[in-house]
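Structure first, commentary second.
Read-outs throughout are calculated quantities, based only on the coordinates presented, and are distinct from any laboratory measurement. All values derive from a computational prediction rather than experimental measurement. Positions of Cβ are backbone-derived with ideal geometry, glycine not excepted, and every protein chain shown enters the neighbour counts.
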Amino acid sequence: MMHYAAQDAATKPQRVGALINATGQMRRLCTFPSTPLQPCVIPSALLGRLASSPHPAHRGRHVRSRGTQSTAPSYKLPDYGNNGASATGSFPDPATSTWDASQEPSTSGQQLRSSNAPRRVCIFVEPSPFTYVSGYKNRFTTMIKYLVQAGCEVLVITTGKGFTLPSVDSSSFCDQPETFCGARVVSALSFGCPWYLQVPLSFALSPRIWREVRDFRPDLLHCSSPGVMVFAAKFYAWLLKLPIVLSYHTHVPSYLPRYGIQCLVPAMWGFLRILHVTAHLTLTVSPAMVDELVANRAVNDRKQVQVWKKGVDSDTFHPRFRSEAMRTRLTGGHPERPVMVYVGRLGFEKNLFFLRELLNRNPGVSLAFIGDGPARSELQTTFKGTATTFLGMLHGEELSAAYASADIFVMPSESETLGFVVLEAMASELPVVAVRAGGIPDIIRPEDNGITGFLYEPADVDTASKLIGTLAADPELRARLGARAREEVAKWDWRAATLHLLNVQYPIAMAAAAAQYGKALGSVAQGVVDQQQLIPRPA
């Protein structure tokens, strides 16, 4: 006993010093590097620590055995020629850097994935894109499909069974499929979002989820934001010293005023900063959202945020699905009337009550709502006595037919980060009348106003009403606008967008993580890391 006590006393100063320096290291990990990131290598000291880990999943990943000399893997930005990173490792320009999928064979996943792209990707997403209908459902499901086709191993952590009130629709609170397009899916215990109980959220903090992530041995973590699952993803990434990418999908600061709590907007921006400022890369869905995040300091600078390229399935959303039976449903039994349609969540933040005035000024036009949400009952009361139908949630070919069978698509929401339903309407050759706000002007560009769709200024009911009336009275204009709209979206391909994400944007996060963790580990005190084992970073 005395021997162990003496040994403990002798090593105590070393352990205290290590704890102090490790605390300083954790503080540094909370700050994203302010200087341009350089390509670097993972320190062998970190690899040694992984090799001696008590967890079998850590041992032998990049090292042969404990105590042997190993070669550290190098995280370098891939070579994309003139469009890619420079020799000094600067960030690729998101406006010009591309992965030309059209020149790659579609049969070999290995050929679609660059040598520096991650091979194992762990995705955290809430609510589930498999059972909850949302704007990013198609984005995540198609991303997973094409990542697998590119030769990646994919693990998805998402919401599953959970707790909600008996009066709340619990269809989204269920176990997810165990696999999806070759990716493994793990369900986490869920609970209802406090201000919208139908939306499942999850902390995803449990020994079971930790073991799933650890044993999968990912190269990179990608998490949807905002949400509470982000904290688990960031914690696991920190424990495993992995790059983390956050993708921003729901622009909550623009929602709060619609719910009468505008006073919380500054606090929400503070919350978003906590989430995103330490991410190795933030993705958002439109240049307008990049500007919002930078202007409100949710990220450090523009180098830390890029646009996740858009796409649309132009085979699923196609004018060939036009159906007289669906048109009869949309118009409440009056298919001869021009009909405008809205597809999406029936939420108060969507500005849907604005459409009541458009109907008042265009009495010969019908309106169809497709979707569900907390504002449905009030909308039904407001639109009572008008030529309005509520079809609820539609899926698959029914949804495709609804787009193709309408005459006008209307989007009054000023809070869209992108507006996938606008893309789907355009692919269906449905002319769009939308507010010039959020990410919508990145779909219908101002210079294309009146060519691929119509834009009106926020709250401009006069212009919006005139546009509806003009389109309702002119079938030839509708056909011409719809055809041009489909031509525009035909060039936005999900496969190319996913390969750009995999081969251009993910390696940026990997280089950032290597620079961050390498710098932090290199400054840990004596007795924690042998400085002689560190591999020098390139200048």
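Brief remarks on what is shown
- Two-decimal log10 I(q)/I(0) for region 337-419, as the Debye equation yields it once each C-alpha is a single scatterer, q = 0.11, 0.20 Å⁻¹: -0.26, -0.92
- In region 434-514, taking the dipole from charged Cβ atoms about the Cα centre, the farthest positive-side position among Phe454, Ala483, Gly439 is held by Ala483.
- Part-to-part distance (alpha-carbon centres) for region 216-249 and region 351-381, which is given in Å: 39 Å
- Cross-link check: pairs Lys137/Lys310; Lys161/Lys350; Lys145/Lys310; Lys161/Lys309; Lys309/Lys491; Lys161/Lys234 evaluated at a Cα-Cα cut-off of 20 Å; pairs beyond the cut-off: Lys161/Lys350; Lys161/Lys309; Lys161/Lys234.
- Burial order of peptide ranges 418-427, 144-153, 240-249, 463-472 (average beta-carbon count within 10 Å, highest first): 418-427, 240-249, 144-153, 463-472
- Extreme residue, positive dipole direction of region 319-489, given options Ser465, Leu367, Phe420 (C-beta unit charges): Leu367
- Among 327-333, 227-233, the peptide with the highest mean count of other Cβ atoms within 10 Å heads the list, and the full ranking is 227-233, 327-333.
- Relative contact order of region 319-489, defined on C-alpha pairs under 8 angstrom at six or more residues apart (%): 23 percent
- Once the chain from Thr316 to Lys161 is taken as fully extended at 0.36 nm per residue, the excess over their C-alpha distance is 52.8 nm.
- Simple point charges give the picture: +1 on the Cβ of Lys and Arg, -1 on the Cβ of Asp and Glu, and for region 319-489 a dipole about the Cα centre of about 440 debye.
- Between Ser206, Leu221, Gly192, the Cα set farthest toward the positive side of the dipole of region 177-235 (charges on each charged residue's Cβ, about the Cα centre) is that of Ser206.
- Segment Ala483-Val294, extension gain: residue separation times 0.36 nm, minus the distance between their alpha carbons: 64.4 nm
- Residues whose amide H falls under 5 Å from that of Met411, counting only those 5 or more places apart or on a different chain, are Val433, Ala434, Val435, with hydrogens built in the peptide plane.
- For the pair Glu378 and Ser115, a Förster radius of 56 Å applied to the C-beta separation gives a FRET efficiency near 0.55, rounded to the nearest 0.05.
- For region 319-489, the convex hull drawn through the C-alpha positions has a volume of 99 cubic angstrom per residue.
- In region 224-343, Cα pairs under 8 Å separated by at least six residues give a relative contact order of 19 percent.
- Highest to lowest packing among 433-440, 208-215, scored as the average C-beta count within 10 Å: 433-440, 208-215
- Cβ-Cβ FRET estimate between Asp301 and Asp175, R0 fixed at 56 Å, reported to 0.05: 0.85
- Calculated P(r) tail over 24 Å for region 165-323, as whole % of Cα pairs: 47 percent
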